[in-house]
Amino acid sequence: MSDTTERSAFTIIKTTPGNVMIKLHAIDNPGFSRLVYLTNRAPRQVLPVNFALDVFADPGNFATYKQGLFTFDDNEAIKQIAIERSYYFDSDYDKLVPAKITQEEDINNIIKSGVRSKVIEACGKYGGELVKQTAINHVSEYTMSVIKMCEDIWHIQLTEVDA
């Protein structure tokens, strides 16, 4: 066995604003399942290998992985284990580029900069809803001028109005 198969756990990391919830089953005993709920307060969770491999075995979980809603701390190692144990053997994985762990952080930094053209450019690059959701999740980190700019761009209210 190679060095990568000796690893007993992987960290699953949320890469998108909002919450991500997936149900994983243990590969060695499908009767055991684990609900993985990734939030802004808990964006990562350590999983044993037998649960992490279910991302490759279950088509729904793999589709979520391909969409970039979450990633692993070591994508190459989990891929190798999945191939060695025959849970995944499709050559399409080589075309798959796992989401960057820092995507939400990158979007947040663009918004924090307060440069309207860069925020609009980020909407084109990452998608308007993703950028908007990042702004909503991190509104407490922004100055009032940045909040006003975001509200003007999307025509929404980011902060609560005190009565």
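Using Cα pairs closer than 8 Å and at least 6 residues apart in sequence, work out the relative contact order for the stretch 103-154, in percent.
40 percent
Proximity of backbone amide H atoms, modeled 1.01 Å from N, is registered between F10 and L47, V49 at under 5 Å, excluding neighbours fewer than 5 places apart on the same chain. Here the label points at S86 and K148, each 7 Å from Cα along the C-beta direction, are separated by 6.5 nm in the simple model. Taking the square roots of five times each eigenvalue of the Cα gyration tensor of the stretch 3-95, the equivalent ellipsoid has semi-axes of 20, 15, 13 Å, listed largest first.
Approximating the spin labels as points 7 Å out from Cα along Cα→Cβ, the V139-to-K100 distance works out to 2.7 nm. Other residues with beta-carbon under 12 Å from the beta-carbon of L38 carry, at +1 per Lys or Arg and -1 per Asp or Glu, a net charge of +2. Here is how the number arises for the chain: DSSP H runs of 4 or more residues each give -39500 (n - 2.57), the sum is divided by the residue count, and the result at 222 nm is -11500 deg cm²/dmol. If you look at the Cα atoms of the stretch 103-154, you get an Rg and a Dmax of 9.3, 25 Å.
All of the numbers you see were taken from the coordinates with simple rules; none came from a lab. Remember, it's a predicted structure, so these values are computed and weren't measured experimentally. Neighbour counts run over all protein chains shown; Cβ positions are idealised from the backbone, glycine included.
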